[in-house]
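**Student:** Take this structure, written in structure tokens, and hold onto it; I'll ask about it next.
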Amino acid sequence: MKKAIKIILPRLIVLPIIFFTLFFGGGFIIVKTMFNSSNMRAILTDQLQKTFKRTVVFRSANISLSGKIKLQDLKIFSVENKTRKDFINADIVYVSYKIIPLLRKHISINKVYLMSPKINLIKDETGLWNFSDIFGNSKKTNTTLTQIRKAEIENGVIIMNDSKNNIDYVFKDVTLSIDNFELFKETPFSFSALLTMNKPYSLEGRFYCDGLINTKGFNWEKAYIKNMNTNSTVLGKLITTSISIDNLKNPKFKLDFDAKQIKTKLPLDLKQSYELNIEHLTGNMDALLSKENKLIINSSEIKSEKMALKASGAVIISTSSPKYDLNLSAKLFPLSQLNIVFPKLPFKKVSGNGRFKITFNNTENKINFKRVFINTEKAGFTYRKAKFSNLNITGLISEKSKKNRFTLKKGAFVLTKNTVKDLNIESDISSKLMTISFDGIWNNHKTKGLLKISNPLTQNKSVNLTAYSANLNATKLRDIALEIKYALPPKEKSFYSKIQWVSDVKNAVPTGFSLITGNIKALAVTHEYFKSEDFNLSAKLKNFSGDVEKIRGEISIKSGVGTFFNVQETSEKDRIYNIVALPVLMMFKMNRLSALKLGATLKNVNFYSVGGEYSFDSGKIHIKNFFMDGKEFSAYSTGNLDLMDETMDLKVYTISNKYYSMGTLPEFLTDASGKPALAFRLKGKMNNPSIKMLNPKKNGKIIQNAKDKGIETPM
């Protein structure tokens, strides 16, 4: 038995070796005998041209005993009149052949290996790729191509150009493997490359993917990819995805992804982008890529640790700037996440909870919000020096809705010198009318009002404001206006003047308002220069287009008992106050010349009432009627201030009430009753007018007529 094994076992090993040696050796001898260099070139060229349906040339071909043919400097040309670029250039190509077909002088290629190829894939203006005809279709398949069971690319470059949609991207360091390919069966594949994109966006990243593909006999509408797993490194961050794709002609795909530590800039339009920072992001998407390169998102969900964002809509990925029409929504989430996800937001220390639904697109490289719903619960944040808290907001704005709403309940904010609490806002918004009612506690005093804006979305808006305050602090109101001014983009100055207040007035004129009307009432008004009770202001002005010369209209002011503080000192540092106080200042100027017998320094001036009526026209302010009924002094003035050439022409009449019995005065310094009085005219440049004395005899009557006439205000 042992002797038999010793005889049989070597034969079982040696005989197969001899058989395969004779088989392959014989095959190699057959090849060498049947194919010389010229007919091998012709047969290989014919076979490759049938496979790729294009002109093929190569420098040399060497056949080996292992069943491989080595081609050097292979070129596969593009179809004529399509492009001047070669379809494929490869330094070295190995093709494997079957032995049996050699007996029929036929080389049957079943494996292709390309080393360092450069492949140009081009989509023309009609939407056809330059390789579309190679595969044939479901009715007539490229049988030569289907004989290839395995294909590999190593260290390749694939350049893709979509002329129709203006997209350019390059795959470098390409490795591709397709194994055991069959027309109607799932074929495993793997692909890795370094992606560099120039158009429409600049992007670079490395990725690897593997999965199963079924071409369904090159019927791309029925073809699919499943179980495709990808690992991508974009902007230095790893993103893993799991993807299934149906219909490879217009891909429908489902994917799940996982990304960690994303720090990048999110471009929403050409002018601005937002820094994005997310520690860990997961999500899924169900989408379709149309032939126009429009990504139609049926549904998607993106999740971070404490926030879930749902999205649907469409994104056009073939333009130099992103074009999109999207719906975004998020369930209740901590608003503090906004500072984490968008670290460069101007809002700091964000707190509270919120939810939203937003529909928006971009037209002319600008974001256009089509529908916005927001809801916050006890939201808070700081912006510059302002601190907002307890903001319970509900807002709904839609371009298709006739009425949109915005409400705020019991909100509060603190500025440097202002505090507002228990703030309630109710608004109705449409394309024709916006109404906003508000009430709250401003600096410990009740304040409320109603704002109406007609045609709010046009450059022909009209505004009406009705407001009431228990105590209107004019200085703090100015501080709020300055806070708003500093928060807005700086306005380019168009007008300059040596007189600061004139320059400020000219440059403060807003644009886009055809009419501004208002009625404001305050039980008390305080300012660093004065205080008064029962204050009323009404205004009706039109033609706000950024030019003070075009403004037309009227303003009326009326006030009860009050006091001007430190008149002499204040008038020396404030030009506007100097003009208002001129009647009293002139009285005391004459007193310093010993013309009057007032015998006191000028400090506070008390009054029983003050009123003024002003009209605006062609850059001129016409003072129709200004009077002060004072305890010590009374005054009246009328005239014009020209803001364009910075001139003035004012007549001023003053009379002293306090010093009626202080002795005899010259006749030119008293009115008809004998009271100390002055009348004068200011004319010329505002910063240096000339003064002409007038006859004061009728001062008392003129001032009394002004007081009797009074000032009419609607409230």
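**Student:** If I model a spin label as a point 7 Å beyond the Cα along the Cα-Cβ vector, how far apart are those points for Asn543 and Ala470 in nm?
**Tutor:** Going from the Asn543 label point to the Ala470 one covers 4.3 nm.
**Student:** For each pair in Lys387/Lys521; Lys603/Lys707; Lys531/Lys558; Lys70/Lys123; Lys348/Lys452; Lys348/Lys446, compute the distance between the two Cα atoms and list the pairs where it is over 20 Å.
**Tutor:** Numbers: Lys387/Lys521 28 Å; Lys603/Lys707 24 Å; Lys531/Lys558 13 Å; Lys70/Lys123 31 Å; Lys348/Lys452 32 Å; Lys348/Lys446 29 Å.
Over 20 Å Cα-Cα: Lys387/Lys521; Lys603/Lys707; Lys70/Lys123; Lys348/Lys452; Lys348/Lys446.
**Student:** May I pose another question? Using 0.36 nm times the number of residues separating Val57 and Ile159, minus their current alpha carbon distance, what extension gain do you get? If you can, show how the numbers build up before the last one.
**Tutor:** Details: separation 102, 0.36 × 102 = 36.72 nm, distance 2.09 nm.
Computed gain between Val57 and Ile159 is 34.6 nm.
**Student:** Hey, what do the phi angles of the range 118-130 turn into as Karplus ³J(HN,Hα) couplings, whole Hz, using 6.51/-1.76/1.60 and θ = phi - 60°, x for Gly and Pro?
**Tutor:** Rounded to whole hertz, the list is 10, 10, 9, 10, 10, 9, 7, 5, 7, x, 9, 7, 6.
**Student:** What's the FRET efficiency of Asn460 with Asn250 using the Cβ-Cβ distance as r and R₀ = 41 Å, to the nearest 0.05? Before the final figure, lay out the partial values.
**Tutor:** On the way: r = 46 Å, r/R0 = 1.13.
The computed FRET efficiency comes out at 0.30.
**Student:** At 7 Å along the Cα-to-beta-carbon direction for both Asp422 and Ala151, put a label point, then send me their distance in nm to one decimal.
**Tutor:** Label at Asp422, label at Ala151, 7.7 nm between them.
**Student:** I need the calculated FRET efficiency for the pair Lys432 and Asn705, taking r as the beta carbon distance and R₀ as 56 Å, to the nearest 0.05.
**Tutor:** Taking R0 as 56 Å, the efficiency between Lys432 and Asn705 is 0.80.
**Student:** Using r as the Cβ-Cβ distance of Asp168 and Thr126, and R0 as 25 Å, what FRET efficiency do you calculate, to the nearest 0.05? Numbers along the way, then the final one.
**Tutor:** Numbers: r = 18 Å, r/R0 = 0.74.
For Asp168 and Thr126, the calculated efficiency is 0.85.
**Student:** Related question: Show which aspartates and glutamates lie in cross-link reach of Lys378 when reach means a straight Cα distance below 20 angstrom and same-chain residues fewer than eight apart are skipped.
**Tutor:** Asp422, Glu426, Asp439
**Student:** Modelling each spin label as a point 7 Å along the Cα-to-Cβ direction, I'd like the Phe373/Glu305 distance in nm, to one decimal.
**Tutor:** It is 3.0 nm.
Only the coordinates and a few stated rules stand behind these numbers; no lab work does. Not measured: the values here are computed from a predicted model. FYI the Cβ positions are ideal-geometry reconstructions off the backbone, even for glycines, and counts take in every protein chain you see.
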